[in-house]
Amino acid sequence: MKTLARAFALMFTVAAAPLSAETVVVTADRLVDVASGKLVERPAVVITDGKITAVGAQGQVALPRDAKRIDLPGQTLLPGLIDMHVHLDGDPRISGYRQLEYTDSFWQAVGVANARAMIEAGFTTVRNVGSDRYNDVGLKQAIEGGYVPGPRIVPATYAIGATGGHCDGTGSLPPRFGELPNPSVADSPEAYRKLVRTLRKYGAEVIKICATGGVLSKTDAAGAQQMTFDEIKAVVDEAHMLGLRVAAHAHGTEGINDCLRAGVDTIEHASLATPESFALAKAKGAWFSMDIYDDDYILAEGAKNGVFPESLEKERQIGRKQRETFRDAHRAGVKMVFGTDNGGVFPAGQNALQFAKMVEWGMTPIEAIRAATLNAAEALGRADVGQVAVGRYGDLIAVAGDPLKDVRLLEHPSAVIKGGVRVK
(Lines give C-alpha, C1' and ligand atoms only; values in the text may rest on other atoms or scores of the structure.)
Protein backbone atom coordinates (compact mmCIF):
# COMPACT_ATOMS: atom_id res chain seq x y z
CA MET A 1 0.00 0.00 0.00
CA LYS A 2 2.89 2.37 0.79
CA THR A 3 4.42 1.61 -2.59
CA LEU A 4 1.05 2.30 -4.29
CA ALA A 5 0.70 5.56 -2.37
CA ARG A 6 4.16 6.68 -3.46
CA ALA A 7 3.30 5.79 -7.06
CA PHE A 8 0.15 7.92 -6.92
CA ALA A 9 2.07 10.77 -5.30
CA LEU A 10 4.67 10.65 -8.07
CA MET A 11 1.96 10.54 -10.74
CA PHE A 12 0.22 13.62 -9.35
CA THR A 13 3.53 15.47 -8.98
CA VAL A 14 4.36 14.82 -12.62
CA ALA A 15 0.85 15.82 -13.73
CA ALA A 16 1.03 19.06 -11.78
CA ALA A 17 4.49 20.02 -13.01
CA PRO A 18 4.35 23.04 -15.32
CA LEU A 19 4.94 22.29 -18.99
CA SER A 20 7.27 24.46 -21.02
CA ALA A 21 5.41 27.43 -22.42
CA GLU A 22 4.92 27.47 -26.18
CA THR A 23 5.45 30.90 -27.70
CA VAL A 24 4.38 32.02 -31.16
CA VAL A 25 5.21 35.31 -32.87
CA VAL A 26 2.89 36.58 -35.60
CA THR A 27 4.03 39.37 -37.92
CA ALA A 28 2.35 41.15 -40.82
CA ASP A 29 2.44 44.45 -42.67
CA ARG A 30 -0.50 46.01 -40.79
CA LEU A 31 -2.85 45.45 -37.87
CA VAL A 32 -6.33 46.92 -37.42
CA ASP A 33 -6.56 48.32 -33.91
CA VAL A 34 -10.32 47.93 -33.49
CA ALA A 35 -10.40 50.20 -30.44
CA SER A 36 -8.88 53.23 -32.21
CA GLY A 37 -10.01 52.30 -35.71
CA LYS A 38 -6.49 52.89 -37.00
CA LEU A 39 -3.88 50.76 -38.72
CA VAL A 40 -0.69 49.80 -36.91
CA GLU A 41 2.25 49.39 -39.28
CA ARG A 42 4.55 46.34 -39.13
CA PRO A 43 2.99 44.72 -36.05
CA ALA A 44 4.33 41.85 -34.01
CA VAL A 45 2.04 39.81 -31.76
CA VAL A 46 3.54 37.47 -29.15
CA ILE A 47 1.31 34.59 -28.02
CA THR A 48 2.29 32.31 -25.13
CA ASP A 49 0.20 29.27 -24.24
CA GLY A 50 -2.66 30.60 -26.35
CA LYS A 51 -2.85 34.09 -24.82
CA ILE A 52 -1.38 37.34 -26.14
CA THR A 53 1.55 38.51 -24.02
CA ALA A 54 2.85 41.42 -26.13
CA VAL A 55 1.71 43.58 -29.06
CA GLY A 56 3.63 46.33 -30.77
CA ALA A 57 5.65 47.42 -33.75
CA GLN A 58 8.35 45.11 -35.03
CA GLY A 59 11.67 46.15 -33.53
CA GLN A 60 9.96 47.55 -30.43
CA VAL A 61 8.69 44.25 -29.00
CA ALA A 62 11.09 41.74 -27.49
CA LEU A 63 10.74 38.50 -29.46
CA PRO A 64 11.78 35.24 -27.76
CA ARG A 65 14.50 33.52 -29.76
CA ASP A 66 12.93 30.07 -29.54
CA ALA A 67 9.44 31.23 -30.57
CA LYS A 68 7.63 29.71 -33.50
CA ARG A 69 6.99 32.19 -36.31
CA ILE A 70 3.92 32.90 -38.38
CA ASP A 71 5.02 35.59 -40.82
CA LEU A 72 2.33 37.07 -43.06
CA PRO A 73 4.02 39.58 -45.39
CA GLY A 74 1.69 41.89 -47.27
CA GLN A 75 -1.23 41.02 -44.98
CA THR A 76 -3.41 42.93 -42.52
CA LEU A 77 -4.18 41.37 -39.12
CA LEU A 78 -7.49 41.68 -37.24
CA PRO A 79 -8.90 40.01 -34.14
CA GLY A 80 -10.63 36.70 -34.69
CA LEU A 81 -14.24 37.43 -35.62
CA ILE A 82 -17.29 36.71 -33.44
CA ASP A 83 -20.73 35.73 -34.76
CA MET A 84 -23.37 36.20 -32.08
CA HIS A 85 -26.12 34.20 -33.81
CA VAL A 86 -25.35 30.84 -35.40
CA HIS A 87 -26.90 27.38 -35.55
CA LEU A 88 -24.06 24.91 -35.87
CA ASP A 89 -26.23 21.82 -36.24
CA GLY A 90 -28.34 23.17 -39.10
CA ASP A 91 -28.17 23.14 -42.88
CA PRO A 92 -30.44 25.56 -44.78
CA ARG A 93 -30.13 23.38 -47.87
CA ILE A 94 -32.29 20.86 -46.01
CA SER A 95 -35.31 22.92 -45.02
CA GLY A 96 -38.97 22.40 -44.23
CA TYR A 97 -40.20 18.83 -44.03
CA ARG A 98 -37.05 17.56 -45.76
CA GLN A 99 -35.37 17.62 -42.37
CA LEU A 100 -37.54 14.69 -41.29
CA GLU A 101 -35.75 12.41 -43.77
CA TYR A 102 -32.60 12.43 -41.59
CA THR A 103 -31.94 10.56 -38.37
CA ASP A 104 -31.33 12.53 -35.19
CA SER A 105 -27.57 11.96 -34.97
CA PHE A 106 -27.07 13.26 -38.53
CA TRP A 107 -27.30 16.83 -37.28
CA GLN A 108 -24.42 16.45 -34.84
CA ALA A 109 -22.27 15.34 -37.78
CA VAL A 110 -23.44 18.44 -39.67
CA GLY A 111 -22.27 20.47 -36.69
CA VAL A 112 -18.74 19.10 -37.03
CA ALA A 113 -18.59 20.19 -40.67
CA ASN A 114 -20.13 23.58 -39.92
CA ALA A 115 -17.69 24.24 -37.07
CA ARG A 116 -14.78 23.70 -39.42
CA ALA A 117 -16.34 25.94 -42.07
CA MET A 118 -16.93 28.78 -39.62
CA ILE A 119 -13.45 28.82 -38.12
CA GLU A 120 -11.82 28.60 -41.54
CA ALA A 121 -13.95 31.63 -42.47
CA GLY A 122 -12.30 33.58 -39.65
CA PHE A 123 -14.94 33.21 -36.94
CA THR A 124 -12.96 32.03 -33.95
CA THR A 125 -15.85 32.54 -31.48
CA VAL A 126 -19.55 31.90 -32.04
CA ARG A 127 -22.67 32.07 -29.91
CA ASN A 128 -24.89 29.13 -30.80
CA VAL A 129 -28.43 30.28 -30.03
CA GLY A 130 -30.37 27.07 -30.30
CA SER A 131 -29.61 23.45 -31.08
CA ASP A 132 -31.31 20.10 -30.70
CA ARG A 133 -30.36 17.45 -28.14
CA TYR A 134 -27.60 19.59 -26.59
CA ASN A 135 -25.59 19.20 -29.79
CA ASP A 136 -23.77 22.49 -29.25
CA VAL A 137 -22.52 21.41 -25.83
CA GLY A 138 -21.17 18.14 -27.21
CA LEU A 139 -19.53 19.95 -30.11
CA LYS A 140 -17.95 22.48 -27.73
CA GLN A 141 -16.52 19.62 -25.68
CA ALA A 142 -15.15 17.89 -28.77
CA ILE A 143 -13.48 21.08 -30.01
CA GLU A 144 -11.97 21.85 -26.62
CA GLY A 145 -10.75 18.26 -26.38
CA GLY A 146 -8.97 18.52 -29.71
CA TYR A 147 -11.11 15.93 -31.48
CA VAL A 148 -12.38 18.27 -34.19
CA PRO A 149 -11.50 21.80 -35.33
CA GLY A 150 -13.85 24.66 -34.63
CA PRO A 151 -14.44 28.01 -32.94
CA ARG A 152 -14.92 28.79 -29.29
CA ILE A 153 -18.61 28.08 -28.67
CA VAL A 154 -21.00 29.84 -26.30
CA PRO A 155 -23.89 27.32 -26.24
CA ALA A 156 -27.54 28.04 -25.54
CA THR A 157 -28.63 24.38 -25.91
CA TYR A 158 -32.36 24.51 -26.72
CA ALA A 159 -33.99 27.76 -27.78
CA ILE A 160 -37.10 27.91 -25.62
CA GLY A 161 -40.61 29.25 -26.16
CA ALA A 162 -44.33 28.64 -25.92
CA THR A 163 -46.41 25.70 -27.08
CA GLY A 164 -47.05 26.12 -30.79
CA GLY A 165 -44.55 28.96 -31.04
CA HIS A 166 -41.44 29.50 -33.11
CA CYS A 167 -39.30 27.38 -30.76
CA ASP A 168 -41.78 24.50 -30.60
CA GLY A 169 -40.08 21.91 -32.80
CA THR A 170 -43.35 20.05 -33.43
CA GLY A 171 -45.25 23.22 -34.30
CA SER A 172 -46.63 22.26 -37.72
CA LEU A 173 -46.65 18.46 -37.32
CA PRO A 174 -49.78 16.36 -36.61
CA PRO A 175 -51.07 16.19 -33.01
CA ARG A 176 -49.55 12.78 -32.27
CA PHE A 177 -46.10 14.37 -32.49
CA GLY A 178 -47.13 16.95 -29.93
CA GLU A 179 -47.69 14.15 -27.42
CA LEU A 180 -43.92 13.58 -27.23
CA PRO A 181 -41.97 15.35 -24.46
CA ASN A 182 -40.71 18.68 -25.76
CA PRO A 183 -37.73 20.04 -23.81
CA SER A 184 -37.91 23.47 -25.48
CA VAL A 185 -41.46 24.45 -24.43
CA ALA A 186 -42.94 26.11 -21.34
CA ASP A 187 -46.19 27.97 -20.67
CA SER A 188 -45.93 29.81 -17.37
CA PRO A 189 -43.38 31.91 -15.50
CA GLU A 190 -42.57 29.08 -13.07
CA ALA A 191 -42.20 26.57 -15.89
CA TYR A 192 -39.74 28.88 -17.62
CA ARG A 193 -37.73 29.27 -14.41
CA LYS A 194 -37.44 25.48 -14.17
CA LEU A 195 -36.46 25.27 -17.84
CA VAL A 196 -33.69 27.85 -17.42
CA ARG A 197 -32.26 25.85 -14.51
CA THR A 198 -32.40 22.65 -16.55
CA LEU A 199 -30.61 24.16 -19.53
CA ARG A 200 -27.89 25.60 -17.33
CA LYS A 201 -27.50 22.21 -15.64
CA TYR A 202 -26.76 20.60 -18.99
CA GLY A 203 -24.34 23.20 -20.32
CA ALA A 204 -26.13 26.37 -21.44
CA GLU A 205 -23.97 29.51 -21.18
CA VAL A 206 -26.65 31.82 -22.60
CA ILE A 207 -30.44 31.48 -22.63
CA LYS A 208 -32.31 31.97 -25.91
CA ILE A 209 -36.05 32.61 -25.94
CA CYS A 210 -38.53 32.95 -28.78
CA ALA A 211 -40.63 35.92 -27.74
CA THR A 212 -42.42 36.33 -31.09
CA GLY A 213 -43.22 34.31 -34.16
CA GLY A 214 -40.63 33.64 -36.82
CA VAL A 215 -40.09 33.56 -40.56
CA LEU A 216 -39.02 29.95 -41.07
CA SER A 217 -41.65 28.46 -38.77
CA LYS A 218 -44.69 27.64 -40.88
CA THR A 219 -47.86 28.52 -39.02
CA ASP A 220 -47.18 31.63 -36.93
CA ALA A 221 -47.04 35.33 -37.72
CA ALA A 222 -43.52 36.72 -37.45
CA GLY A 223 -44.62 39.82 -35.58
CA ALA A 224 -47.00 38.12 -33.13
CA GLN A 225 -45.91 38.01 -29.48
CA GLN A 226 -45.75 34.45 -28.09
CA MET A 227 -44.51 34.93 -24.52
CA THR A 228 -46.10 37.16 -21.92
CA PHE A 229 -44.13 39.87 -20.18
CA ASP A 230 -44.25 37.87 -16.94
CA GLU A 231 -42.82 34.82 -18.69
CA ILE A 232 -40.03 36.83 -20.29
CA LYS A 233 -39.25 38.50 -16.97
CA ALA A 234 -39.10 35.12 -15.22
CA VAL A 235 -36.52 33.89 -17.74
CA VAL A 236 -34.43 37.05 -17.42
CA ASP A 237 -34.52 37.11 -13.64
CA GLU A 238 -33.62 33.42 -13.34
CA ALA A 239 -30.87 33.58 -15.95
CA HIS A 240 -29.30 36.72 -14.50
CA MET A 241 -29.40 35.23 -11.01
CA LEU A 242 -27.46 32.24 -12.40
CA GLY A 243 -24.95 34.47 -14.19
CA LEU A 244 -26.31 33.90 -17.69
CA ARG A 245 -27.32 36.45 -20.33
CA VAL A 246 -30.50 36.24 -22.36
CA ALA A 247 -30.99 36.51 -26.12
CA ALA A 248 -34.49 36.96 -27.50
CA HIS A 249 -35.71 36.05 -30.96
CA ALA A 250 -38.08 38.95 -31.52
CA HIS A 251 -39.41 40.33 -34.81
CA GLY A 252 -42.58 42.08 -33.63
CA THR A 253 -42.71 45.50 -32.00
CA GLU A 254 -44.55 44.61 -28.78
CA GLY A 255 -42.47 41.50 -28.23
CA ILE A 256 -39.27 43.48 -28.72
CA ASN A 257 -40.40 46.17 -26.29
CA ASP A 258 -41.51 43.71 -23.61
CA CYS A 259 -38.16 41.94 -23.89
CA LEU A 260 -36.34 45.23 -23.42
CA ARG A 261 -38.52 46.21 -20.46
CA ALA A 262 -37.82 42.80 -18.90
CA GLY A 263 -34.04 43.25 -19.23
CA VAL A 264 -33.16 40.95 -22.14
CA ASP A 265 -29.52 41.44 -23.11
CA THR A 266 -29.64 41.03 -26.90
CA ILE A 267 -32.56 41.32 -29.31
CA GLU A 268 -32.18 38.95 -32.24
CA HIS A 269 -33.61 40.08 -35.62
CA ALA A 270 -35.42 43.17 -34.23
CA SER A 271 -37.17 43.52 -37.59
CA LEU A 272 -40.12 45.71 -36.56
CA ALA A 273 -38.42 47.75 -33.84
CA THR A 274 -39.56 51.38 -33.60
CA PRO A 275 -38.14 54.61 -32.14
CA GLU A 276 -39.68 53.55 -28.83
CA SER A 277 -37.73 50.29 -29.08
CA PHE A 278 -34.53 52.22 -29.80
CA ALA A 279 -35.06 54.40 -26.74
CA LEU A 280 -35.72 51.37 -24.54
CA ALA A 281 -32.62 49.58 -25.87
CA LYS A 282 -30.42 52.60 -25.14
CA ALA A 283 -31.90 53.07 -21.68
CA LYS A 284 -31.44 49.40 -20.80
CA GLY A 285 -28.02 48.96 -22.42
CA ALA A 286 -29.31 46.19 -24.67
CA TRP A 287 -27.80 45.16 -28.00
CA PHE A 288 -29.44 44.51 -31.37
CA SER A 289 -28.23 41.52 -33.37
CA MET A 290 -29.72 41.89 -36.85
CA ASP A 291 -29.19 39.27 -39.56
CA ILE A 292 -29.69 41.58 -42.51
CA TYR A 293 -27.90 39.47 -45.13
CA ASP A 294 -30.39 36.59 -44.85
CA ASP A 295 -33.09 38.06 -47.07
CA ASP A 296 -30.85 37.67 -50.13
CA TYR A 297 -30.27 33.97 -49.55
CA ILE A 298 -33.78 33.02 -48.47
CA LEU A 299 -35.45 34.60 -51.48
CA ALA A 300 -32.82 33.29 -53.93
CA GLU A 301 -32.46 29.72 -52.66
CA GLY A 302 -35.30 29.06 -50.22
CA ALA A 303 -37.81 27.44 -52.57
CA LYS A 304 -35.19 25.06 -53.94
CA ASN A 305 -34.11 24.16 -50.39
CA GLY A 306 -37.63 23.28 -49.25
CA VAL A 307 -38.53 26.41 -47.30
CA PHE A 308 -42.29 26.54 -46.75
CA PRO A 309 -44.18 28.82 -49.18
CA GLU A 310 -45.70 30.52 -46.12
CA SER A 311 -42.22 31.33 -44.88
CA LEU A 312 -41.13 32.74 -48.21
CA GLU A 313 -44.12 35.05 -48.17
CA LYS A 314 -43.24 36.20 -44.64
CA GLU A 315 -39.69 36.90 -45.77
CA ARG A 316 -40.95 39.03 -48.65
CA GLN A 317 -42.95 41.07 -46.17
CA ILE A 318 -40.28 41.50 -43.52
CA GLY A 319 -36.84 41.32 -45.19
CA ARG A 320 -36.50 44.86 -46.48
CA LYS A 321 -38.24 46.28 -43.43
CA GLN A 322 -35.60 44.66 -41.22
CA ARG A 323 -32.83 46.38 -43.20
CA GLU A 324 -34.56 49.74 -42.87
CA THR A 325 -34.89 49.13 -39.13
CA PHE A 326 -31.17 48.32 -38.97
CA ARG A 327 -30.39 51.65 -40.64
CA ASP A 328 -32.69 53.55 -38.29
CA ALA A 329 -31.43 51.78 -35.16
CA HIS A 330 -27.83 52.55 -36.11
CA ARG A 331 -28.67 56.21 -36.70
CA ALA A 332 -30.42 56.31 -33.33
CA GLY A 333 -27.29 55.06 -31.56
CA VAL A 334 -28.51 51.59 -30.57
CA LYS A 335 -25.63 49.29 -29.68
CA MET A 336 -25.14 46.65 -32.40
CA VAL A 337 -23.43 43.28 -32.60
CA PHE A 338 -22.73 41.00 -35.55
CA GLY A 339 -25.21 38.10 -35.80
CA THR A 340 -26.06 36.23 -38.99
CA ASP A 341 -28.21 33.11 -38.37
CA ASN A 342 -25.46 31.27 -40.25
CA GLY A 343 -25.94 27.54 -40.44
CA GLY A 344 -29.65 27.97 -39.87
CA VAL A 345 -30.53 30.29 -42.76
CA PHE A 346 -27.55 30.28 -45.14
CA PRO A 347 -24.62 27.86 -45.51
CA ALA A 348 -22.01 27.70 -42.78
CA GLY A 349 -18.80 29.56 -43.43
CA GLN A 350 -20.43 32.37 -45.40
CA ASN A 351 -20.93 34.49 -42.26
CA ALA A 352 -18.78 37.37 -43.52
CA LEU A 353 -21.17 38.13 -46.39
CA GLN A 354 -23.10 40.23 -43.90
CA PHE A 355 -20.33 42.83 -43.44
CA ALA A 356 -21.02 44.37 -46.84
CA LYS A 357 -24.76 44.59 -46.05
CA MET A 358 -24.05 46.38 -42.79
CA VAL A 359 -21.97 48.94 -44.66
CA GLU A 360 -24.58 49.24 -47.42
CA TRP A 361 -27.22 50.03 -44.79
CA GLY A 362 -25.34 52.71 -42.92
CA MET A 363 -22.30 51.50 -41.00
CA THR A 364 -18.72 52.41 -41.74
CA PRO A 365 -16.35 49.45 -42.23
CA ILE A 366 -14.79 49.91 -38.78
CA GLU A 367 -18.25 49.98 -37.17
CA ALA A 368 -19.15 46.71 -38.87
CA ILE A 369 -15.82 45.19 -37.79
CA ARG A 370 -16.32 46.37 -34.20
CA ALA A 371 -19.76 44.73 -34.19
CA ALA A 372 -17.97 41.39 -34.74
CA THR A 373 -15.08 42.06 -32.35
CA LEU A 374 -15.16 44.62 -29.51
CA ASN A 375 -18.94 44.92 -29.34
CA ALA A 376 -19.58 41.21 -29.50
CA ALA A 377 -17.04 40.53 -26.75
CA GLU A 378 -18.67 43.16 -24.54
CA ALA A 379 -22.14 41.75 -25.18
CA LEU A 380 -20.84 38.30 -24.22
CA GLY A 381 -19.30 39.73 -21.07
CA ARG A 382 -15.89 38.39 -22.08
CA ALA A 383 -12.52 40.13 -21.86
CA ASP A 384 -10.58 37.27 -23.49
CA VAL A 385 -11.72 37.71 -27.11
CA GLY A 386 -12.57 40.52 -29.52
CA GLN A 387 -9.32 42.47 -29.59
CA VAL A 388 -5.61 42.00 -30.28
CA ALA A 389 -4.47 42.95 -26.80
CA VAL A 390 -2.44 41.53 -23.95
CA GLY A 391 -4.42 38.98 -21.94
CA ARG A 392 -6.78 38.04 -24.77
CA TYR A 393 -6.68 34.80 -26.68
CA GLY A 394 -4.28 34.73 -29.59
CA ASP A 395 -7.15 34.65 -32.10
CA LEU A 396 -6.26 36.46 -35.32
CA ILE A 397 -7.21 36.58 -38.97
CA ALA A 398 -5.31 38.06 -41.90
CA VAL A 399 -6.58 39.58 -45.14
CA ALA A 400 -4.76 40.79 -48.24
CA GLY A 401 -5.49 44.52 -48.23
CA ASP A 402 -7.12 47.20 -46.10
CA PRO A 403 -10.51 46.11 -44.71
CA LEU A 404 -11.14 49.67 -43.51
CA LYS A 405 -11.49 50.56 -47.18
CA ASP A 406 -12.98 47.30 -48.48
CA VAL A 407 -14.85 45.32 -45.84
CA ARG A 408 -15.50 42.52 -48.32
CA LEU A 409 -11.90 41.42 -47.83
CA LEU A 410 -13.18 39.74 -44.67
CA GLU A 411 -15.05 37.25 -46.86
CA HIS A 412 -11.75 35.60 -47.82
CA PRO A 413 -9.23 35.52 -44.97
CA SER A 414 -5.79 34.36 -46.01
CA ALA A 415 -4.94 33.06 -42.54
CA VAL A 416 -6.85 32.14 -39.38
CA ILE A 417 -5.10 31.67 -36.04
CA LYS A 418 -6.82 30.37 -32.90
CA GLY A 419 -4.94 30.49 -29.63
CA GLY A 420 -1.65 30.90 -31.49
CA VAL A 421 -2.26 27.90 -33.74
CA ARG A 422 -2.75 28.44 -37.44
CA VAL A 423 -5.91 26.63 -38.57
CA LYS A 424 -5.98 28.03 -42.10
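The values are calculated or read from the model by the stated rules, or taken from the named source; none is laboratory data. Since this is a predicted model, take the numbers as computed values, not measurements. Note that each Cβ is placed from the backbone with ideal geometry, even for glycine, and that neighbours are counted across all protein chains shown. To get the accessible areas, we keep the full protein, side chains included, count just its heavy atoms, and leave off ligands, DNA and RNA. Shrake-Rupley method; radii C 1.70, N 1.55, O 1.52, S 1.80 Å.
For the reader, a short list of remarks on this structure follows.
- Contact order normalised by residue count of the chain, Cα under 8 Å, 6+ apart, percent: 20
- Estimated distance in nm for a label pair at Glu101 and Arg327, the labels positioned 7 Å out from Cα along Cα-to-Cβ: 4.0
- Amide hydrogen neighbours beyond the local backbone of Asp29, cut-off 5 Å, H modeled: Gly74, Gln75
- When +1 charges are put on Lys and Arg Cβ atoms and -1 charges on Asp and Glu Cβ atoms, the dipole computed for the chain relative to its Cα centre reaches about 1200 debye.
- Across region 391-406, coupling constants 3J(HN,Hα) worked out from phi with the 6.51/-1.76/1.60 Karplus curve, θ = phi - 60°, read x, 8, 4, x, 9, 9, 10, 10, 10, 8, x, 10, x, 6, 9, 9 Hz, and Gly and Pro carry x.
- Highest-first packing order for the peptide set 259-265, 162-168 is 259-265, 162-168, based on the mean count of other beta carbon atoms within 10 Å.
- Length available on full extension from Lys424 to Arg93: 0.36 nm per residue minus the Cα-Cα distance, which gives 116.6 nm.
- Between 0 and 90°, nearest 10: helix 106-120 axis offset from the chain longest Cα axis: 50
- Packing, taken as the mean count of other beta carbons within 10 Å per residue, orders the peptides 364-370, 99-105 from highest to lowest as 364-370, 99-105.
- Peptides 241-251, 278-288 ordered by average Cβ neighbours within 10 Å, highest first: 241-251, 278-288
- Under 5 Å between amide hydrogens, built in the peptide plane, is the criterion, and for Gln226 it picks out Thr212, Gly213 among residues at least 5 positions away or on other chains.
- Listed as lacking a disulfide-compatible partner in the chain: Cys259, by the criterion of no other cysteine Cβ under 4.7 Å.
- The 3J(HN,Hα) values that the Karplus relation (6.51, -1.76, 1.60; θ = phi - 60°) gives for region 79-92 are, in residue order, x, x, 7, 10, 10, 8, 8, 10, 9, 5, 9, x, 9, x Hz. Gly and Pro appear as x.
- Dipole axis of the chain (+1 Lys, Arg; -1 Asp, Glu on Cβ), positive-most option in Thr340, Thr373, Gly164: Thr373
- Rounded if a/c under 1.5, otherwise prolate or oblate - region 326-385, Cα gyration tensor axes: oblate
- Under a 5 Å amide H cut-off, with hydrogens placed 1.01 Å from N, Gly56 pairs with Ala44 among residues at least 5 apart or on other chains.
- Percent accessible area from carbon and sulfur atoms, region 328-410, protein chains only, probe 1.4 Å: 48
- Arg382 accessible area, 1.4 Å probe, all protein chains in place, Å² to nearest 10: 60
- Tensor-based shape of region 73-189 (alpha-carbon gyration tensor, a/c under 1.5 rounded, otherwise prolate or oblate): prolate
- Surface exposure of the chain, expressed per residue as accessible area with a 1.4 Å probe, stands at 42 Å².
- Using 0.36 nm per residue and subtracting the Cα-Cα separation, the extra length available between Glu313 and Arg261 on full extension is 15.7 nm.
- Residues in region 328-336 carry Karplus couplings, in order, of 5, 5, 5, 4, 7, x, 5, 6, 10 Hz; the curve used is 6.51 cos²θ - 1.76 cosθ + 1.60 with θ = phi - 60°, and Gly or Pro positions show x.
- Solvent-accessible area, 1.4 Å probe, carbon plus sulfur percent, for region 48-191: 51
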